[in-house]
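Quick notes on the structure that follows.
Just so you know, all these numbers are worked out from the coordinates, no wet-lab data involved. Computed from a predicted model, the values in this text were never measured in an experiment. Cβ placement follows ideal geometry from the backbone for every residue including glycine, while neighbour counts extend to all protein chains displayed.
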Amino acid sequence: MNKILVTGGAGFIGSNFIHYLLERYDNCHITNVDLLTYAGNLDNLINISNDPRYQFIKADIVDFNVISNLISQGFDAIINFAAESHVDRSIEAPGIFVRTNVLGTQSLLEAARRYGVKKFVQVSTDEVYGSLGQEGYFTEAASLNPSSPYSASKTAADHLVLAYGHTFGLPVNVTRCSNNYGPYQFPEKLIPLMITNTLADKPLPVYGDGMNVRDWLHVNDHCCAIDIVMRKAKPGEIYNIGGNNERTNIDIVKTILRQLNKPESLIKFVQDRPGHDRRYAIDSSKIKQDLGWEPVYTFDCGMAETIEWYYTNVDWWKKIKSGEYMNYYNRMYGKDLGEPPVALLEVFE
Ligand code: NAD
Ligand code: TDX
């Protein structure tokens, strides 16, 4: 597995994965294909942009001709991170989620099958299983019951990946991970949004009663799991990847406030997300038993490091919190937070 095509490598998890591989394997060659949507950011890769083992190609995974030409050059593995990934945006505009997440995945699969790629790993999500009550965990055998346009599009993609394995013998794996956190996460997602707003003394918009539960996985633990799946998993297998760190959203927000020594009066309860899944929790014993993977980060340590990263990398998020993102922010939160459009970062100017 030396010649690896990473899609969506300018996003949060994809860029962490590229760093992860380059730090560990001298003889790997990575091609990163990314359309550079609002979520793609080459700053995430700036320190490796001249590494001879790495090349970047700006392209749309839906564009079969371009993708097919590229894949015809021969790859050992394709790791598909490219996606529209934010649930709230999928409620606002579902169409692009079907285009990228479903049609884009199919375009990659078709090219992979034509040119004999040795491993195709689809980076999926625990959200395909739907919502849990207070008890229980999802195993890989659980039925798929997605709630949002985002998770429905990821579920459709999972089915296509498994169908290409079943029908055409393409060596595929699907990984379904819980909520990731860590460096380079776009600040529309809960943890980086709350950290960056706290640093700027801005309100923290908590949906509903704040008691929804997510299982948090440090992105480095996730990258390690994907690497192991790429190299060792039997074709056709699905693996859940979880962090064993269930937390309510309000608990996460209070942890951030405590670490940054800011008052709880910044918390603002806002209108709930439509169709908001109450709880996700996955059982990742299969990947432990089959492949020997376990998360190594404790939540306390991972969160402290992550908060520190956003604190010391203000320039990284300062550039993002402008332009298109601020339009989205104001559409999403302006009514509830009752504020005029704000440059969140005035405080750092
Ligand atoms: P992200 O939004 O940060 O990055 C997505 C990347 O895909 C961006 O760089 C974007 O430019 C690129 N992209 C989008 N459309 C494209 C297209 N048509 N062609 C080429 N590139 C395109 O997402 P992320 O958080 O890094 O998530 C990566 C993957 O992991 C996604 O498939 C997501 O569904 C899955 N996932 C994420 C989480 C999480 O907590 N972040 C959890 C479970 C699963
Ligand atoms: O402003 C907010 N306030 C709030 O209370 C935001 C952005 C989120 N939330 C809540 C909603 C969720 O219960 O926090 C929780 C986490 O929200 P997100 O960060 O948007 O993540 P989630 O919806 O759980 O989905 C994430 O995990 C699964 C990723 O975005 C997906 O790509 C992944 O598949």
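Observations, loosely collected:
- Estimated dipole of the chain in Debye, rounded to 20 [Cβ of Lys and Arg +1, of Asp and Glu -1, Cα centre]: 600
- Bridges between two residues of segment 199-323, per DSSP, are antiparallel at a rate of about 40%.
- Extents of the chain, taken as max minus min of Cα coordinates on every principal axis and listed largest first, are 56, 46, 37 Å.
- Using θ = phi - 60° and Karplus 6.51 cos²θ - 1.76 cosθ + 1.60, couplings along segment 250-261 (whole Hz; Gly, Pro as x): 5, 5, 4, 5, 5, 4, 5, 4, 4, 5, 8, 6
- DSSP bridge pairs, the chain: antiparallel proportion in percent, nearest 5: 10
- Alpha carbon centroid spacing (whole Å) that separates segment 1-64 from segment 76-140: 18
- Sequence of M303, M332, M194 once ranked by neighbouring C-beta atoms within 10 Å, starting from the fewest: M332, M303, M194
- Each of V128, L160, T175 was placed along the dipole of segment 73-230 (beta-carbon charges, centred on the mean Cα), and the one lying farthest toward the positive end is L160.
- All-pairs alpha carbon distance profile, segment 147-248, 5 Å steps from 0, percent: 2, 11, 15, 19, 19, 14, 9, 6, 4, 1, 0
- Dipole axis of segment 28-99 (+1 Lys, Arg; -1 Asp, Glu on Cβ), positive-most option in L42, A93, F56: F56
- Relative intensity of segment 1-157 on a log10 scale, I(q)/I(0) at q = 0.14 Å⁻¹, equals -0.72, per a Debye sum over C-alpha point scatterers of equal strength in the absence of solvent.
- Set the Cα radius of gyration of segment 94-207 against 2.2 N^0.38 Å, with N its number of residues, and you get 1.28.
- Calculated [θ] (222 nm, deg cm²/dmol) that DSSP helices of n ≥ 4 give over the chain, each run adding -39,500 (n - 2.57): -12000 deg cm²/dmol
- What the pair-distance distribution of segment 1-75 shows, using all Cα-Cα distances binned every 5 Å from zero, is 3, 16, 30, 24, 18, 7, 1 percent.
- Positive end of the dipole of the chain (Cβ unit charges, origin at the Cα centre): among M332, A225, I195, the Cα lying farthest that way belongs to A225.
- Each Lys and Arg Cβ is given +1 and each Asp and Glu Cβ -1; about its Cα centre, segment 20-77 then shows a dipole of about 60 debye.
- Directionally averaged projected area (convex hull, Cα atoms, segment 209-338), nm²: 10.4
- The residues H222, H86, H166, H276, when put in order of fewest to most other Cβ atoms within 10 Å, stand as H166, H276, H86, H222.
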